[in-house]
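Colleague: Take a look at the following structure, please.
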Amino acid sequence: MAKEVKYIIIGFLTTLIALSGLYILLNEYLYKDVTLADGTNVSLGRTPDIIDTIIFFFLIALCLIGFILFIISLIKVIRKNTFQ
């Protein structure tokens, strides 16, 4: 039981860290909102290069792996506790 709970926590934290990394990559690194001197907001976008694309897809893959680990471990715990 403790092994599955450990995997649930690891899967959840992996998913959470990957999603926060995606948020930072997309909203703070590639696109920035800048307030000009006259008070208007302008969104400045940066053209992603190959490293940005690799990081983006790596974070998506990490998020999916963590989510699958979380779901499988959660199903194992529920099935073990239900059928005892």
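Colleague: For Cα Rg over 2.2 N^0.38 Å, pick the label among [x] 1.06; [y] 1.11; [z] 1.62 that corresponds to the value derived from the coordinates.
Modeller: Recomputing Cα Rg over 2.2 N^0.38 Å here picks out [z].
Colleague: Here is a further query. Helix 2-24 versus the longest principal axis of the chain: what angle, 0 to 90°, nearest 10, using Cα atoms?
Modeller: 10
Colleague: Let me ask something else. I need the trypsin sites (Lys or Arg not before Pro) found in the chain, filtered to DSSP loop residues with at most 15 other beta carbons within 10 Å of theirs. Walk me through the intermediate numbers first.
Modeller: Values: sites: Lys3, Lys6, Lys32, Arg46, Lys76, Arg79, Lys80; in loops: Arg46.
Filter output for the chain: Arg46.
Colleague: Could you please report the charge total around Leu30, scoring K, R as +1 and D, E as -1 over all other residues with beta-carbon less than 13 angstrom from its beta-carbon?
Modeller: -2
Colleague: Using only DSSP helix segments of four residues or longer, with each worth -39500 (n - 2.57), what per-residue ellipticity at 222 nm results for the chain after dividing by its residue count and rounding to 500? Could the numbers behind the result be given before it?
Modeller: Details: 2 runs with 56 residues, N = 84.
It comes out at -24000 deg cm²/dmol, rounded to the nearest 500.
Colleague: Which residue, chosen from Ser73, Thr35, Phe12, occupies the Cα position most advanced towards the positive end of the dipole of the chain, where the dipole is computed from +1 (Lys, Arg) and -1 (Asp, Glu) charges on Cβ about the Cα centre?
Modeller: In the chain, that residue is Ser73.
Quick note: the coordinates plus some simple rules give every number you see, no bench work behind them. Just so we're clear, the structure is a prediction, and the values are computed from it rather than from any experiment. Positions of Cβ are backbone-derived with ideal geometry, glycine not excepted, and every protein chain shown enters the neighbour counts.
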